[in-house]
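The values are calculated or read from the model by the stated rules, or taken from the named source; none is laboratory data. The shown structure was predicted, so the numbers you read here are calculated from the model rather than taken from an experiment. We place every Cβ from the backbone using ideal geometry, glycine too, and count neighbours over all the protein chains shown. Heads up: the accessible areas ignore ligands, DNA and RNA and are worked out on the full protein's heavy atoms, side chains in. Shrake-Rupley method; radii C 1.70, N 1.55, O 1.52, S 1.80 Å.
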Amino acid sequence: MPGTLPELFTTWFAARGWSPRPHQLALLHAAANGENVLLIAPTGGGKTLAGFLPSLVALAHPRPAPTLHTLYVSPLKALATDIARNLMAPVQQMRLPIRIETRTGDTPADRRKRQRENPPDLLLTTPESLSLLLSLEDAPRMFAGLATVIIDEIHALAGTKRGDQLALCLARLAALAPTARRVGLSATVAHRKPLLDYIGSGAPARLIEIEEAAPPEIEMMLPEAHIAWAGRMGLASASAVMKRIVASGTTIVFVNTRAQAELLFQELWKLNADTLPIALHHGSLELELRRRVEAAMARGELRAVVATSSLDLGIDWGGVDQVIQVGAPKGTSRLLQRVGRSNHRMDEPSRAVLVPANRFEVLECKAAMLGIAARELDGDPPGPGGLDVLAQHLLLMAASAPFMPDEMFAEVRRAAPYAELSRTDFDDVLGFVENGGYALAHYERYRKLFRDSEGRIHIAGVRTARQARMNIGTIVEAPLLKVRLAGRRGQQLGEVEESFANALREGDTFMYAGRLLRFLRIRETTLECAEGGTGSPAVPAYAGTRMSLTTNLAARVRAMLHDPVSWGTYPEEVQEWLRLQQAYSELPGPEGLLVEVFPREGRWYLVAYAFEGRNAHQTLGMLLTRRMERLGYAPLGFVATEYVVGIWSANEPHNIAALFDHDLLGEDLEIWMAETSMLRRTFRNVAVIAGLVDRHHPGAEKNRRQVTVNTDLVYNVLRRHQPDHVLLRATWHDARGGLTDLARLQLLLNRAAARLSVRRLDRVSPLAVPVLLDIGRESVRTPADEDALLLETEALVAEVMAQPAPRTPRRRTVRKNDAPPLRKSVRA
Amino acid sequence: MTAAPLHFSGHSLHLDPAGALVWPAAETLVVADLHLEKGSAAARAGQLVPPWDSRHTLERLALLLRRYQPRTVIALGDSFHDDGGPARLAAADRSRLAALTERADFVWVQGNHDPAPPEGVAGLATPEWQHLGIIFRHMAVAKCAAEISGHFHPKARVATRAGEVVRACFVADSRKILLPAFGAYTGGLDVRAPAIAAHFPRGGRVFLLGESRLFSFPLGQVQPT
């Protein structure tokens, strides 16, 4: 009977003392009906096997003409490799005639060639490699017999540019193999509908969901000393964390940044009297080092690993006994994902310990625990697909075969992220790919696509196709340098950002890959260093988008602050802090906005308790500063944290209501944003993904024929001459989303309009102390800010060098009219 | 715009924040590395960057000609990104350039990107140029004094209170001046790179380009403090 497990398989299950789980059977049933499926299950539910089971059953008997039957796509290369290995067990034990292979960027050329000529039954790959396969001329033949596409960890892909790319590839696969089913595997998410649409890709999809049997057990652990006012590293809790590691089997210690991982790792090793095997894992470490840690973890040889989001996803390890999160949890969904990494048996609860690094984080941890108990997930629903990703895809599709624009438009719109794509946007993107899409000045001679007499789109030539394939991918790294130990056989340790390396001088020490290293020199694209050294070491930081406190968690924190009845469960120090705040000022609440104004050391401070996350607060800080300048308050600087914005000024800010007026998000915003380093960085990513400039291939810069054009300069020229160009539109779209969180700012202004509470105080309030301690951290910059910084530094250097400063007195900003005219004219 | 005065080889010069050098007594304006038609060179290599770089560069140059009204303009080489550049210049940009060469005498010093004189462009093409004891060439020659050159596209990094700022810059000591690149799509080479540093064994000053003025630092200070 279709949808039931054949005897061969039931015997195999029984021999292991297992029985098929209901969802595994449900997937089998769905396969028999030819349905698309989204399976949502907590980790450890046998999700991956459930996804593959129907394919294994279908392939149990030899086929007359083997073709590629099942394609598996995972966000992680390592995951594809591990899954392939794990699948070998049932295949071998049941002697199934199934060939399983992986295809990633690491696959050797000869195997790639063979895979095209003689595809395996099951192919495991990544979105980038799939994109490449689909760009080949023989893609239609390779995928013609495809029966199933399995997409793993789909919750981590949807809503990202990689997810957009994969969605477009799924739409293409549906055109090449109309009968192929799609199966999505996902962790528990807040928004199911977008994932169902994603899997459906223009067709219906069925949801199969398994609830977590036992809710996770989460507790909070405080440092042995007092609870810090500020700081995010949580190093004060290192000894408490160490005790937990000693008392337990295997522990994953999750942190929020790579720098925090390095620091905590060092701190733990200082306390590691028994030299327990404790390892370090983060995204910029050399792949080989990471794989070694993962393998040791899988063999159960490690007692603990300190990790960043690099371990959020990945193969189930089974043997992890506890998860410790040091620092702010940021959101319940992410926390659940991390907690789920421990104890992968479904009927037993996962165990996790939260370690707040400061007082606000105590509240945040509490909020996250309540959020998880209430099964309230967070995260924004995925937004519309990126136009830069579409540009890359269209060129790759033309590389595979000519297409008609109308048909391609229909195909693209079947991909969920592009369901609402307008024809204008599609045509503009196609125009950009074709000849740059520049008004009144086409590159007719250098066009990448051309149209035949019937309007069919062709790629310009093999060179263009090759270039397109060289530039596949949607992840754009900041300029990185390899870190290598000096010497002929110097080990490669990983990568750091160029700007960090530039700030080092010979003899400086830094912490990296869990070691203390001494900087020697930069040689081409490599930072050479030696072990050891003295002095206080630097820790590399990485730009990139840091995750912001989610809206749900922020709302919980505000509600908790406002409700003294709930304080009973907080540590006494925190309760006292809140009581003092209540007595001296007031507590921010779920509604409205609290703003405090107070003088301190000759300056005025304005602190807004906005609770909308760091990204939104940086934008808010910049906008408020501009407006304060106009109102004559002479702002001097600002600081943005996850919870509040603090601005200091020379004059007392009087009209607070005017500052937070709803028109704050008007013209000022556009003008300011266009100049920021953030928008330039966003443009760079868009330009690389869309194929405007070539991707930087390490080692390839030696090629003299290559023309490299700095995207900042391109941005300046494009902005001036065609401000509505499709790539600038794509840039604005990205910048309005994650990096500035404009939607959250709008909510905040609405709250301020409804109830603005201004407290004028004689001195700093208890709740404002943390933000004052955070002053001095980095912020978003514009060229004008940079000029002010240069001016200040110039004066400072001149002072130190004991020579007269070149003319200018110290001033806060430079205005065009400040400087006297040079002269009327050289020629009299 | 505030130009910075600079005494060099007994002459009074000015450095303009737009990245040009002005020699009032000689009624001369000096720019380096225009790299005209770099955009179309990139396009030919498959990167369809916006095609207005030549226009952008020429418009900025026109502004300087209006402000300083020089009799002579010296372009220190690499005026075109490659030998094919003049032929690729769009008609409108060709007339923009012609209008400029009518307003002043142009000296086209030859560079390594454009070793041949630009075809169909008015002015004098020469491997190097000398005037009142100052020598103008594309690429600095070791130990040569009273020399003004381009080629390196110098840029400097300055560590400030709030992180690093990177800008194109002039580099100067009593014997040599290096000009920043003037072209819209020209990148840069760090002044600490041996190729530049070798020309300033006894140090010097850098002048970073700003919106309306220059920012000056000792060459030795343009690194982390």
### Query
Limited to the range A:507-551, what total is found for residues that are hydroxyl-bearing (Ser, Thr, Tyr), modelled with pLDDT under 85 and surrounded by 17 or more Cβ atoms within 10 Å (Cβ to Cβ)?
2
### Summary
The number of residues in the range A:513-539 that are assigned to a loop (DSSP other than H, G, I, E, B), acidic (Asp, Glu) and in contact (Cβ under 8 Å) with a residue 12 or more places away in the chain is 0
#### Entry: Selection count, the range B:118-163, where residues are part of a loop (DSSP other than H, G, I, E, B) and surrounded by 17 or more Cβ atoms within 10 Å (Cβ to Cβ)
12
### Message
Among the residues that make up the range A:126-142, is at least one of them among the hydroxyl-bearing types (Ser, Thr, Tyr), closer than 27 Å to A:Leu553 by Cα and touching a His at 6+ places or on another chain (Cβ under 8 Å)?
### Response
no
### Query
Taking the condition closer than 30 Å to A:Gly331 by Cβ, among the hydrophobic types (A, V, I, L, M, F, W, C) and either within 14 Å of another protein chain (Cβ to nearest Cβ) or in contact with a Gly (Cβ under 6 Å, 6 or more places away or on another chain) (or both), does A:Ala399 pass?
no
### Query
How many residues does the range A:673-697 hold that are among the charged types (D, E, K, R) and more than 16 Å from A:Met470 (Cα to Cα)?
4
### Query
Among the residues of the range A:440-449 satisfying the criterion of being more than 9 Å from every other protein chain (Cβ to nearest Cβ) and free of Cβ contacts under 8 Å to residues at least 12 places away in the same chain, which is most open to solvent (accessible area, probe 1.4 Å)?
A:Leu440
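Matching residues to (1) among the basic types (Lys, Arg); (2) under 27 Å from the mean Cα position of the chain (by Cα):
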{"site": "A:Asp110", "(1), (2)": "no, no"}
{"site": "A:Gln115", "(1), (2)": "no, no"}
{"site": "A:Pro119", "(1), (2)": "no, no"}
{"site": "A:Leu124", "(1), (2)": "no, yes"}
{"site": "A:Arg141", "(1), (2)": "yes, no"}
### Task
Hey, can you tell me all the residues within the range A:458-476 that are in contact with a strand residue (DSSP E or B) (Cβ under 9 Å, 6 or more places away or on another chain) and touching a residue at least 60 places away in the same chain (Cβ under 8 Å)?
A:His458, A:Ile459, A:Thr464, A:Ala465, A:Ala468
### Task
Can you give me the number of residues within the range B:5-27 that are in contact with a strand residue (DSSP E or B) (Cβ under 9 Å, 6 or more places away or on another chain), open to solvent by 10 Å² or more (accessible area, probe 1.4 Å) and farther than 19 Å from A:Asn716 by Cβ?
11
### Query
Quick check: anything in the range A:299-314 more than 27 Å from A:Pro349 (Cα to Cα) and assigned to a helix (DSSP H, G or I)?
no
### Message
Looking at A:Val714 and the list (1) open to solvent by 50 Å² or more (accessible area, probe 1.4 Å); (2) at pLDDT 90 or above; (3) within 30 Å of A:His393 (Cα to Cα), which single condition is not satisfied?
### Response
(1)
### Query
Within the range B:75-83, is even one residue away from chain A (no Cβ under 12 Å), over 24 Å from B:Met1 (Cα atoms) and open to solvent by 10 Å² or more (accessible area, probe 1.4 Å)?
yes
### Query
Could we say that A:Pro564 is within 14 Å of chain B (Cβ to nearest Cβ) and either at pLDDT below 85 or open to solvent by 40 Å² or more (accessible area, probe 1.4 Å) (or both) here?
no
### Task
Scan the range A:604-624 and give yes if some residue there is open to solvent by 10 Å² or more (accessible area, probe 1.4 Å) and in a loop (DSSP other than H, G, I, E, B), otherwise no.
no
## Note on the structure
Among residues of the range A:259-276 being under 13 Å from A:Gly514 (Cα atoms) and open to solvent by 10 Å² or more (accessible area, probe 1.4 Å), the residue nearest to the chain's Cα centre (by Cα) is A:Ala259
### Task
Among residues belonging to the range A:575-596 that are assigned to a helix (DSSP H, G or I) and open to solvent by 40 Å² or more (accessible area, probe 1.4 Å), point out the one that is nearest to A:Glu652 (Cα to Cα).
A:Tyr584
### Task
Select, from A:Ala374, A:Ala352, the only residue that is among the aliphatic types (A, V, I, L, M), within 28 Å of the chain's Cα centre (by Cα) and crowded, with 23+ Cβ neighbours inside 10 Å.
A:Ala352
### Message
Being open to solvent by 30 Å² or more (accessible area, probe 1.4 Å) and within 7 Å of another protein chain (Cβ to nearest Cβ) is the filter here; which residues of the range B:57-70 pass it?
### Response
B:Gln69
### Task
Please state which of the following conditions A:Glu572 fails to meet, knowing it meets all the rest: (1) over 27 Å from A:Ala754 (Cβ atoms); (2) open to solvent by 20 Å² or more (accessible area, probe 1.4 Å); (3) in contact (Cβ under 8 Å) with a residue 60 or more places away in the chain.
(3)
### Query
Mind checking whether some residue in the range B:31-54 is within 11 Å of chain A (Cβ to nearest Cβ), open to solvent by less than 10 Å² (accessible area, probe 1.4 Å) and over 29 Å from A:Gln722 (Cβ atoms)?
no
### Task
Go through the range B:164-180 and give me each residue that's closer than 14 Å to B:Gly210 by Cα and open to solvent by 10 Å² or more (accessible area, probe 1.4 Å).
B:Val166, B:Arg167, B:Ala168
### Message
For the list (1) over 18 Å from A:Glu675 (Cβ atoms); (2) touching a Ser or Thr at 6+ places or on another chain (Cβ under 7 Å); (3) open to solvent by 10 Å² or more (accessible area, probe 1.4 Å), I need the number of the one condition that A:Leu631 fails.
### Response
(2)
### Query
For the range A:424-438, how many residues are open to solvent by less than 10 Å² (accessible area, probe 1.4 Å) and in contact with a strand residue (DSSP E or B) (Cβ under 7 Å, 6 or more places away or on another chain)?
1
## Note on the structure
Filtering the range A:72-106 down to residues that are in contact with a Phe, Trp or Tyr (Cβ under 8 Å, 6 or more places away or on another chain) and either farther than 25 Å from A:Ile199 by Cβ or hydrophobic (A, V, I, L, M, F, W, C) (or both) yields A:Ala80, A:Ile83, A:Leu87, A:Gln93, A:Met94
### Task
Can you tell me which residue among A:Ala730, A:Ala753 is away from every other protein chain (no Cβ under 13 Å), small (Gly, Ala, Ser) and closer than 29 Å to A:Gly431 by Cα?
A:Ala730
### Task
Being touching a strand residue (DSSP E or B) at 6+ places or on another chain (Cβ under 9 Å) and either within 30 Å of A:Val353 (Cβ to Cβ) or crowded, with 22+ Cβ neighbours inside 10 Å (or both) is the filter here, so list the residues in the range A:206-219 that pass it.
A:Glu209, A:Ile210, A:Pro216, A:Glu217, A:Ile218, A:Glu219
### Unique match (being away from chain A (no Cβ under 11 Å), assigned to a strand (DSSP E or B), free of Cβ contacts under 8 Å to residues at least 60 places away in the same chain and closer than 20 Å to B:His35 by Cβ) among B:Val171, B:Val166
B:Val171
